[in-house]
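The values are calculated or read from the model by the stated rules, or taken from the named source; none is laboratory data. Note that this is a predicted model, so its numbers are computed, not measured. Here the Cβ positions follow ideal geometry from the backbone for every residue, glycine too, while neighbour counts run over all protein chains shown.
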Amino acid sequence: MRRQISLFEDQRLTLEEAVDESLESLRVYGQQYKHWAIAYSGGKDSSATVSLVAWAIKTKQIPSPESLSILYADTRQELPPLQQAAVNLLNVLKSDGFNAQAVLPPMDKRFYVYMLGRGVPPPKNRFRWCTVSLKVDPMMAALSDLRAEAEQKLLMLTGVRLGESAARDQRIALSCSKDSGECGQGWFQTSTPEAEADTLAPLVHWRLCHVYDWLYFETDRHGYNVDEIAIVYGEDDVRTGCIGCNLVNKDVALLRLVKTSEWAHLAPLLELKPLFRELTKAKWRVRKSKPERRKDGKYSKNAQRLGPLTMEARAYGLERVLDIQDRARVDLINAEEEARIRELWALNTWPNKWDGTEVQGDVPLDAIQIVDNEIVVQSLLV
Ligand code: SF4
């Protein structure tokens, strides 16, 4: 298919011009801060940012800050090639003298421990607990530590780019864009508290082709090889995020990956999304049978809300995930996490305001509605 040439074609930035502008912004804003940090997601924009900044410092094209910390948000939910690329890159950055470290969520907040141990149902659009637990909170804690050590505000560099379409540009302002781009990329721009860091997005003007040209064809120049990224993205703007993310309709990146001979063994991971969908059903959860009182004494509107996963659901979920990880030959739940999940069961752990004495979610009940803070019961029709 031939690409339509735009009237403004000659006004598009070349990669060299895009790089020059990035270096200039790093020189101008960077000199105001002694300590810099990059929240690294392992995705393409983030990898381009890390490699550009590290290369510019190494080659003395910009004044070096006193420290550059690269914080990799290791959710343990990333696609294996991206995870592998990120770990490799961190190792090279460390050997180059940068402070590169992985930031993990605390044990009880890890995806499967929180879901199958504590019983919190899989995330969905109106209940997106995952971004905060897996990415925002751990990264904020790591940043706070850096900030305390530095005893001054940091400069936080992000990989946020203005897209080539207005829709994409708008999404940059949203937290955790879910249809394109990388989950958790936008949030950092909007939620870094003033006290910890000011943010700069040095690649904000880069087009998608600049990112790929830089990552795939300029390796000899910058020295940071992230080949595995090419396997996941190709040259498209596919979304990446957690494996089996319940908030998107299709695992486009995973579907692409399992078509390659090297990663075909990951095909069982395609069973995760249907499993998460299944576990959101009423039969796997408990439900309030009576309305709860809010802090102000009034009844809460959703009188018979569905809640956490039953113990049976958690056991079923754990068995399925362990089986999937065996067949896909990946590490989704490690031994320590499995032990913690079982320990939380033994401790009869439930999310706040639940204790397991509630009714199972699919048990027929008289319907309760709250009208003007009064309980209205509609008897079950038989
Ligand atoms: S990719 Fe999906 S599951 Fe992962 S944090 Fe984002 S919304 Fe949650």
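Table for the structure above
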read-out: Residue list for region 71-127, filter: of a type in the set (D, E) and farther than 22 Å from R340 by Cβ; value: D96
read-out: Set Y72, Y29: member being hydroxyl-bearing (S, T, Y), at negative phi and under 15 Å from the mean Cα position of the chain (by Cα); value: Y72
read-out: Residues that are within 19 Å of L23 (Cα to Cα), within 16 Å of the ligand (Cβ to nearest atom) and among the hydroxyl-bearing types (S, T, Y), drawn from region 41-94; value: S46
read-out: Pair list, Cβ < 8 Å and 6+ apart or interchain, from region 126-140 residues that are farther than 15 Å from L104 by Cβ to residues that are part of a helix (DSSP H, G or I) and more than 9 Å from the ligand (Cβ to nearest atom); value: W129/Y114; T131/W187
read-out: Hits in region 117-128 - residues which are outside any strand (DSSP E or B) and more than 8 Å from the ligand (Cβ to nearest atom); value: G117, R118, G119, V120, P121, P122, N125, R126
read-out: Enumeration of residues in region 77-121 that are without any contact (Cβ under 8 Å) to a residue 60 or more places away in the chain, farther than 22 Å from M140 by Cα and of a type outside the set (D, E, K, R); value: N91, S95, G97
read-out: Test: residue in region 246-255 that is surrounded by fewer than 18 Cβ atoms within 10 Å (Cβ to Cβ), at pLDDT 90 or above and in a helix (DSSP H, G or I); value: yes
read-out: In region 129-148, the residues that are away from the ligand (no atom under 16 Å from the Cβ) and either part of a loop (DSSP other than H, G, I, E, B) or surrounded by fewer than 22 Cβ atoms within 10 Å (Cβ to Cβ) (or both); value: A141, A142, S144, D145, L146, R147, A148
read-out: Breaking point among (1) assigned to a helix (DSSP H, G or I); (2) modelled with pLDDT of 90 or more; (3) of a type in the set (S, T, Y), for T190; value: (2)
read-out: Sole residue being assigned to a helix (DSSP H, G or I) and more than 21 Å from the chain's Cα centre (by Cα), chosen from E312, E262; value: E312
read-out: The one condition in (1) assigned to a loop (DSSP other than H, G, I, E, B); (2) more than 17 Å from Y114 (Cα to Cα) that D323 fails to fulfil; value: (1)
